[in-house]
1. Of all residues in segment 286-304, which are under 20 Å from GLU260 (Cβ atoms) and more than 9 Å from the ligand (Cβ to nearest atom)?
2. When you scan segment 314-332, do you find a residue that is free of Cβ contacts under 8 Å to residues at least 40 places away in the same chain, in a helix (DSSP H, G or I) and within 16 Å of the ligand (Cβ to nearest atom), even just one?
3. Exactly one of (1) surrounded by fewer than 18 Cβ atoms within 10 Å (Cβ to Cβ); (2) touching a strand residue (DSSP E or B) at 6+ places or on another chain (Cβ under 6 Å); (3) in a helix (DSSP H, G or I) is unmet by GLN173. Its number?
4. Could you please find all residues in segment 242-264 being of a type in the set (A, V, I, L, M, F, W, C), within 14 Å of the ligand (Cβ to nearest atom) and either out of contact with any Phe, Trp or Tyr (no Cβ under 6 Å at 6 or more places or on another chain) or assigned to a helix (DSSP H, G or I) (or both)?
5. Do you know which of the residues in segment 192-219 that are assigned to a strand (DSSP E or B) and away from the ligand (no atom under 16 Å from the Cβ) is farthest from SER360 (Cα to Cα)?
6. Just name the residue that is surrounded by the fewest Cβ atoms within 10 Å (Cβ to Cβ) out of those in segment 220-241 that are more than 8 Å from the ligand (Cβ to nearest atom) and of a type in the set (Phe, Trp, Tyr).
7. Going through segment 220-235 one residue at a time, which ones are in contact with a strand residue (DSSP E or B) (Cβ under 6 Å, 6 or more places away or on another chain) and in a strand (DSSP E or B)?
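The values are calculated or read from the model by the stated rules, or taken from the named source; none is laboratory data. Everything quoted here is computed from the prediction, not taken from an experiment. Every residue, glycine among them, receives a Cβ derived from its backbone with ideal geometry; neighbour counts consider all protein chains shown.
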Amino acid sequence: MSKPAQPAANTTEGTLAEIVSHAKEYGFVFPSSEIYDGLAAVYDYGPNGVELKNNLKQLWWKAMTQLNQNVVGIDAAIFMHPTTWKASGHVDGFSDPMIDNLDSKKRYRADVLLEERAAEYEKNGELARAETLLAEMGRLLTAEDLAGVKQLIIDEKILCPISKTGNWTDVRQFNLMFSTQMGAVAEGSNEIYLRPETAQGIFVNFLNVQKSARQKVPFGIAQIGKAFRNEIVARQFIFRMREFEQMEMQFFVRPGTEEEWYQHWKAARRRWHEVMGLPADKLRFHDHEKLAHYAKAAVDIEYEFPFGFKEIEGIHSRSDFDLTQHQQFSRKKQNYFDNDINPETGKPYGNYVPYVVETSVGADRLFLATLCQAYQEETIVEGEGEEQKTKTRKLLRLHPAVAPVKAAIFPLVKKDGLPEKANEIYNQLRFDFRVVVEEKDSIGTRYTRQDLIGTPFCIAVDHQTLEDNTVTIRHRDSREQTRMPISELRSYIGEAVSLSRIFEQL
Ligand code: ATP
């Protein structure tokens, strides 16, 4: 977006604990079924959270489908034919290596224990040591040498953080898919899965979309939807959930051009995060140590959360693996006929199964990154000399385009026709923006409340408003106040939240 939310010198960022409690208190994220003590790694979005999340999703959706004529969307069902997951490799291979500590009875992901150790080395400046460890882990996992992974944990003297012992079980693979039954049992039930990724809904619709949308390779299919994974260790708030939302795009290309498109989407997706307000120095690429057997290349875009650099998006060059697998299992050809002339042969490229470059970002992880980046505590010095006072203010420096509420309208007092005037302004703005009228409490308290949820503008209606139809508009970040005619509010707010101002930077 126009300006990344960079903290000023007098601001501090939040810890994860502060962000979690802020998210709950101000209606962004609640633990699921909290009155029953919650459900591990499942969360609900509150009134402000759902607005923020929808805004982020809309920015992704439009950047993909509206800015690219050759990217179209779909919305596939969560349930899919069970053979889908055999073809995709999820039934046999969608598992994480887990290990239990026999003393604390706690379960861990073996690869995460090793990654955390590597991150410690990195933090201490031992970059080569970190790299060697990750490379060795990648080698063992690729070779499916689980005994070797256990040995590496022992050699690294990794202890359980709870029991502080190294009394480990063997490393085992744990399938992450949730299954359920479809149809009444009496009619012969059928085990089906809750999709662990949205991508397969795109692959099985490749030809439907290509034909109905009259797309030519290269083209992409985008989708936003829920995915479910029975994560072994669900930690770090909405970073790792058991039910979450993905925003995925599969880009179908002519074989031989995949590297070029992989580089294209890698750069484009990183740029998108920067323009969305995640600063360049808090983003980095991380190449995968362990490549899936079909993958040509894979990279994560990582953001520096309060708990370290972690993946928010994956870019994968997947070869023709997925379409070929579906072709084999369904016995339906997944060929595309390319009319373009191959300059080397002077003939059309002809029939082939396209290669795929995938971009896959978690809406919830993006939400968390956005919240972590926006959450700031600022020290403000007011007054002069002996009157000088220092106070702190918490605020969310969200870009106006993603803020849940764009403007809050405050009648200065609850009489003299000011509430009526405020409602008149509300009625003028509500068709274009999410605006609210707040009458209760002092104006200072009302400003504070809006800062806490990231509202970029507060509009104060006072007695002068009744005389000349002007209001005071207060800017969240600078706290500056300016007088403005009511008639200009719509275009002023419109300019601040305009998607074109964001997208022209891509
Ligand atoms: P990780 O290594 O963190 O488990 P992954 O490599 O398995 O993630 P992908 O399968 O590439 O993740 O999924 C694409 C994106 O979906 C991730 O970059 C992430 O943003 C999101 N995602 C994956 N698993 C979860 C989860 N359990 N909770 C929230 N978001 C998730």
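1. Residues of segment 286-304 under 20 Å from GLU260 (Cβ atoms): 287-288, 291, 294-299, 301.
If the condition is that a residue be under 20 Å from GLU260 (Cβ atoms) and more than 9 Å from the ligand (Cβ to nearest atom), then ASP287, LEU291, TYR294, ALA295, LYS296, ALA297, VAL299 are the ones that fit.
2. Checked segment 314-332: at least one residue is free of Cβ contacts under 8 Å to residues at least 40 places away in the same chain, in a helix (DSSP H, G or I) and within 16 Å of the ligand (Cβ to nearest atom).
3. So GLN173 meets the others, but not (3).
4. Listed by number, the residues that qualify are PHE244, MET249.
5. My answer is ILE192.
6. Keep residues of segment 220-241 that are more than 8 Å from the ligand (Cβ to nearest atom), which gives 220-226, 228, 230, 232-233, 235-237.
Among the residues that remain, those that are also of a type in the set (Phe, Trp, Tyr) are: 228, 237.
Values: PHE228: 19, PHE237: 22.
Taking the candidates together, the pick is PHE228.
7. Answer for segment 220-235, where residues must be in contact with a strand residue (DSSP E or B) (Cβ under 6 Å, 6 or more places away or on another chain) and in a strand (DSSP E or B): GLY220, ILE221, ALA222, GLN223, ILE224, LYS226, ALA227, PHE228.
Per-residue answers, yes or no, for (1) farther than 22 Å from ASN54 by Cα; (2) not β-branched (Val, Ile, Thr):
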{"position": "VAL233", "(1), (2)": "yes, no"}
{"position": "MET241", "(1), (2)": "no, yes"}
{"position": "GLN246", "(1), (2)": "no, yes"}
{"position": "TYR262", "(1), (2)": "yes, yes"}
{"position": "ARG270", "(1), (2)": "no, yes"}
{"position": "PRO279", "(1), (2)": "no, yes"}
{"position": "LYS290", "(1), (2)": "yes, yes"}
{"position": "TYR303", "(1), (2)": "no, yes"}
{"position": "SER317", "(1), (2)": "yes, yes"}
